[in-house]
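Below is one structure, written out as structure tokens; the observations come after it.
The values are calculated or read from the model by the stated rules, or taken from the named source; none is laboratory data. Computed from a predicted structure; not experimentally measured. Methodologically, a virtual Cβ is constructed for each residue, glycine included, from the backbone with ideal geometry; neighbour enumeration extends over all protein chains shown.
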Amino acid sequence: MDGGQPVPSPLVPLENVSADSSMSLEQKTTFVFVILLFIFLGILIVRCFRILLDPYRSMPTSTWADGLEGLEKGQFDHALA
């Protein structure tokens, strides 16, 4: 065809341009923010799966009635006075 010369593709840049110089400051900031959001999403997904697999591990072992020493059911009137 042309004697062996490569045909330039519009998808491949002709110059060797680094990724840092082709992105503006606004694009870099957005890229970092999106990466941080993905990290936060990953942490939340892991936390939700841990709760789903073992839901009773995150619950406290004590109940609200543990602090009522000496009181039985039905004696709340005397506790308020």
query = If the Cβ limit is 9 Å and pairs must be 6+ apart or interchain, which residue in the range 38-53 that is of a type outside the set (S, T, N, Q) pairs with which residue that is outside any helix (DSSP H, G or I) and exposed (fewer than 10 other Cβ atoms within 10 Å of the Cβ)?
reply = R50/R57; R50/S58; I51/R57; I51/S58
ask   = Among the residues of the range 1-54, which ones are hydrophobic (A, V, I, L, M, F, W, C), at pLDDT below 60 and in a helix (DSSP H, G or I)?
value = A19
